[in-house]
C-alpha cells in the first residue's frame, strides 16, 4: 500500500504545508480546519471499522461525508452555517489532494460537488442606545475586575472589534495622544486573514485603558484574567453574557435578544450609521473587505427607514380633478 493512499499523510500536508506555508492563513482558520478533521475522523473510523491512522483516502467517500454533515445537524445540533463551514474545509482539502495526487482526481471531484445548504437570511441583532448604556453601567467599577470589564465593554463598543481581536490586543497596539485636545488616540487591530486596521479611540476609552496598562510591558496583552493571563475570546463572551443577565430586570427588552460581543459589533455599526457616518467609513471601521457586507446595517435600521418613509409620505388628500373642470383651460381652448 502506497503512503499516498493514507488519509493521515494528506491531512498533515494540508494543515502544515498548504494552510501555513502556502496560504499563510490565520491561526483561527487553521484551528477551524483542524477541528473539522477532529470531528470527521472518529466518525469515518467508526463507519469503516478501522483505526484512524489506518484510514485511506477512499474510505472517506462522498456518501460518508454527507452522513457526517447530517450528523452535525441532527446529533450535534449545529446550525447550517456551521455545517457549511465544515464542508468548505473538506472542499479545500479535497481540492488540495486532487491537485497533488492524480490518482485521486475523481475522489476529489466527488467531494467538491457536495453542495452547500442554503441557510435562511436572518436579520442581525443590535442594541438600542438605552440597552447599550445599561450594559456599560453594569460592571462595578469599584473593583479591579469591574474596571477591567467596563474598559473592555467600552473598547468593544468604541471599535466594533470581534471578541478574538479584543482578546489578542497588546499594549503596543495602542497609540495614546500626547496632547489630548490636539492629537487623536488610535488602536491597531489585527483582523481576519491577518489584516490590520486602525480605529480612533474616544477619550473615555483611553482613560479607562490607561488605568489597565499602567506600568506594564508594551508586549503584554491589554485585557488579563484574574490569574494575570491573557483573556481568551471565550472569556470575552462569558463576560458579556454575565452582564446581560444582570440588566434584564431593568431592561426587559434585552431578554428578547441574544447578546454577544458580535452583537456589540453590530451595535457599533448601526449607531454609526444612525449618526450619519457614511457606509464606506463604517466598512473600514469594522474591517470588512466588501462594502456588500457592511450594507446589511442599512437594512436593519428601522429608524432610518421610518425617516425615509416620512420623506415620501403622501400628504395631499385632495381628490384629483378632471380636465373638464378646469374652466380657464376650456376658455382658452375656445378662443383658438
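Each value in this text was obtained by applying a stated rule to the coordinates, not by laboratory testing. Keep in mind that this is a model prediction, so the values were computed, not measured. Virtual Cβ from ideal backbone geometry, glycine too; neighbours counted across all protein chains shown.
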Taking only the alpha carbons of region 129-308, the radius of gyration and the largest Cα-Cα distance, Dmax, both in angstrom, are 16.3, 51
The extension gain from residue 198 to residue 113, computed as 0.36 nm times the residue separation minus the Cα-Cα distance, is 26.6 nm
The relative contact order of the chain, taking Cα pairs under 8 Å that sit 6 or more residues apart, comes to a percentage of 14 percent
In nm, the gap between the two label points placed 7 Å beyond Cα toward Cβ at residue 46 and residue 220 is 4.6 nm
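Over region 43-115, what lengths in whole Å, largest first, do the semi-axes of the equivalent ellipsoid take, defined as the square roots of 5 times the eigenvalues of the alpha-carbon gyration tensor? Show your work: numbers first, answer last.
On the way: eigenvalues 87, 54, 16 Å².
Semi-axes from the Cα gyration tensor: 21, 16, 9 Å.
Using the Kirkwood formula over every pair of different C-alpha atoms, what hydrodynamic radius in Å results for region 1-145? Before the final figure, lay out each step's value.
Working: mean 1/r = 0.0567 Å⁻¹.
Evaluated on region 1-145, it is 17.6 Å.
Taking region 72-176 on its own, what percent of its Cα-Cα pair distances exceed 19 Å?
On the way: 3690 of 5460 pairs.
Here the long-distance tail beyond 19 Å is 68 percent of all Cα pairs in region 72-176.
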re the chain: pairs of Cα atoms spaced beyond 26 Å account for a percent value of 63 percent
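Let me have the relative contact order for region 129-308, percent, based on Cα pairs under 8 Å that are six or more residues apart. Before the final figure, lay out the partial values.
Details: 215 pairs, mean separation 45.7, N = 180.
For region 129-308, the relative contact order is 25 percent.
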The extension gain from residue 292 to residue 257, computed as 0.36 nm times the residue separation minus the Cα-Cα distance, is 10.2 nm
Once both label points are put 7 Å beyond Cα along the C-beta direction, the residue 246-residue 299 separation in nm becomes 3.5 nm
Length-normalised contact order of region 3-112, Cα under 8 Å, at least 6 apart, in percent, tallies to 27 percent
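What value, in deg cm²/dmol to 500, does the helix sum -39500 (n - 2.57) over DSSP H runs of n ≥ 4 give at 222 nm once divided by the residues of the chain? Walk me through the numbers on the way to the answer.
Details: 16 runs with 173 residues, N = 336.
The per-residue figure over the chain is -15500 deg cm²/dmol.
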